[in-house]
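The values are calculated or read from the model by the stated rules, or taken from the named source; none is laboratory data. Computed from a prediction, not measured in an experiment: that's the story for all the values here. Heads up, the Cβs are rebuilt from the backbone with ideal geometry, glycines too, and the neighbour counts pull from every protein chain shown. With ligands, DNA and RNA removed, areas are computed over all heavy atoms of the protein, side chains included. Shrake-Rupley method; radii C 1.70, N 1.55, O 1.52, S 1.80 Å.
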Amino acid sequence: MRDIRVSQGIPQGQLADMAHMTKSYMSEIEAGKKNLTLRSTAKIADCLGVTLEELFRGV
C-alpha cells in the first residue's frame with residue numbers, strides 16, 4: 001500500500017483523509033501494526049484507484 005501511495009505522490013495524511021481514517025491509524029496500517037477489514041482495504045484500494053488484487057501485489 002505504501003509503495004503504491006508513494007508512487008502516486010499521495011501523502012499519508014491525504015490518503016487517510018480520502019479513506020476517512022486518521023493519519024495515525026493509516027501509519028499503523030502501513031507499519032503492519034493494524035489489521036484491516038476487507039471493507040477498509042477495499043476503501044483504500046478505491047482511494048488509490050487500484051483493484052484489491054493490485055493492492056495486495058503492490059502494483
key: Test: K43 is assigned to a loop (DSSP other than H, G, I, E, B) and open to solvent by 30 Å² or more (accessible area, probe 1.4 Å)   = no
request  = State all residues of the stretch 1-21 that are open to solvent by less than 80 Å² (accessible area, probe 1.4 Å), out of contact with any helix residue (DSSP H, G or I) (no Cβ under 6 Å at 6 or more places or on another chain) and either assigned to a helix (DSSP H, G or I) or free of Cβ contacts under 8 Å to residues at least 12 places away in the same chain (or both); if no residue qualifies, say none.
outcome  = V6, G9, P11
